[in-house]
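Engineer: Have a look at the structure that comes next, please.
Every number here is computed from the coordinates shown, using simple stated rules; none is lab data. All values derive from a computational prediction rather than experimental measurement. Cβ: placed from backbone, ideal geometry, glycine included. Neighbour counts: every protein chain shown.
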Amino acid sequence: MKNKILVTGGAGYIGSHTCIALHEAGYDIVVYDNLSNSSKEAINRVSTLIGQPIEFVKGDIRDAESLKQVFSAHQFFGVIHFAGLKAVGESVAKPLLYYNNNVSGTITLLEVMASHGVKNLIFSSSATVYGDPETLPIDEKSKRSCTNPYGQSKLTVEHILEDLAVSDASWSLIALRYFNPVGAHPSGQIGEDPNDIPNNLMPYISQVAVGKLDKLNIFGNDYPTVDGTGVRDFIHVTDLAQGHVAALNYLEGQSHSEKNSVEKKPSIGFLPINLGSGKGTSVLELVSAFTVITGKNIPYQFADRRAGDIASCYASADKAKALLEWEAKLSISDVCQDTWRWQSMNPQGYNIS
Ligand code: NAD
Ligand code: UD1
């Protein structure tokens, strides 16, 4: 058995897929989640898929006492920290909630980690920290700026991690900047299950396909892109999950090229890494791919641009390849196929009453 990892937010969309990848890679995991945006059913299904119960603690990252109990009960190598709120619109309406949950919560987690001598962290950051990029593809040295409280909360945590690394060289802190996570586990058992009407494109398309929504509104067809619609870097969630395993291997000093080395690498300080496919796909291209793969027609209409949206955003994924030996393997076709399998097998998501 490899090291033991605490997975905060492990019941959520990306966390649940990563739990499977971690288990398959031999890690022992404990999930810590307050279920504020997820369902215990996700944990049940992950347990079924891996063929053994997952150790799950219902708790909040802002609750230091609860975290201390978990850290006292286990010897963790490190933490993969997914727990956070992620709806941009809600963050504009409730900024204090977002700063409290995402920033204060992370500070509490870091304090408890420090007091238990656990100094390895993989943090869920976002391409949103790049704001409107000056050049494409976006590499990790690009300027960072954010325009909404959600993005600010991610950027603030990155600054905190940078300061922490400067203050104490024994921390190893990787910020994985995800581009647009999409898709679902190939089993169709776990996937993205948004509350209410989805804000993001892929779940919106799949809910139109399954008949829960009438038609897609495409926000803007006058962007300076291949067909006037927004361009994004869609990354399959199982590729993303593997990116976390690769980051963990790197933290452990066990990346592929050094498998036989017993020497532990020194702490790495603060290390930001993009996780994206490196390819841009437009909204219309995604809609068309979904129709070709699933045979489902997606009625759509063009609407005004959405406030805060940018024209194009895609990653340079070179750093992940060079350092983590990771790159995205799955295609837009895989994304569409797996999303549709999940959506059609679970039209009500995890709500299986
Ligand atoms: P998600 O909402 O499905 O998962 C987040 C999980 O964290 C949920 O299970 C939720 O219940 C839990 N959580 C929230 N606040 C908590 C708290 N205070 N204490 C304990 N648990 C808490 O979201 P996701 O899509 O899986 O995203 C995971 C992380 O990745 C988030 O931090 C998100 O901001 C970040 N991220 C997501 C995307 C995306 O498009 N999905 C893109 C970039 C970054
Ligand atoms: C959004 C967030 C970003 C967050 C990311 C992942 C905004 C402004 N940005 O990114 O901070 O990190 O989600 O959670 O909310 N689209 C439509 N119709 C829809 C939905 C989306 O046309 O119903 C278009 C958008 O205009 C965009 C593209 O699809 O061009 C992708 O949108 P979305 O999935 O929401 O992701 P982002 O905007 O990239």
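Engineer: Cα centroids of the range 283-343 and the range 222-252: how far apart, whole angstrom?
Structural biologist: What the calculation gives is 9 Å, centre to centre.
Engineer: If you add up the charges near residue 186, with Lys and Arg at +1 and Asp and Glu at -1, over every other residue whose beta carbon is less than 15 angstrom from its beta carbon, what do you get? Working shown, then result.
Structural biologist: Values: positive: 45, 329, 341; negative: 24, 192, 239, 334, 338.
With Lys, Arg at +1 and Asp, Glu at -1, the net is -2.
Engineer: Lysines near residue 2 by alpha-carbon distance under 29 Å, same-chain residues fewer than 8 away left out - which ones?
Structural biologist: 40, 58, 68, 119, 259, 264, 265, 319, 321, 329
Engineer: Which one, 175, 282, 317, projects farthest toward the positive side of the charge dipole computed for the range 4-345 from Cβ point charges (K/R +1, D/E -1)?
Structural biologist: Projecting each Cα onto the dipole axis, the largest value belongs to 282.
Engineer: Where both residues lie in the range 165-295, what percent of DSSP beta bridges are antiparallel, nearest 5?
Structural biologist: So the antiparallel bridges amount to about 15 percent of the total.
Engineer: Just for the chain, what percent of DSSP beta bridges are antiparallel, to the closest 5?
Structural biologist: 5 percent
Engineer: Ok, one more. In percent, what relative contact order does the chain have, based on Cα pairs under 8 Å that are 6 or more apart in sequence? Walk me through the intermediate numbers first.
Structural biologist: Values: 689 pairs, mean separation 67.3, N = 353.
Here the relative contact order equals 19 percent.
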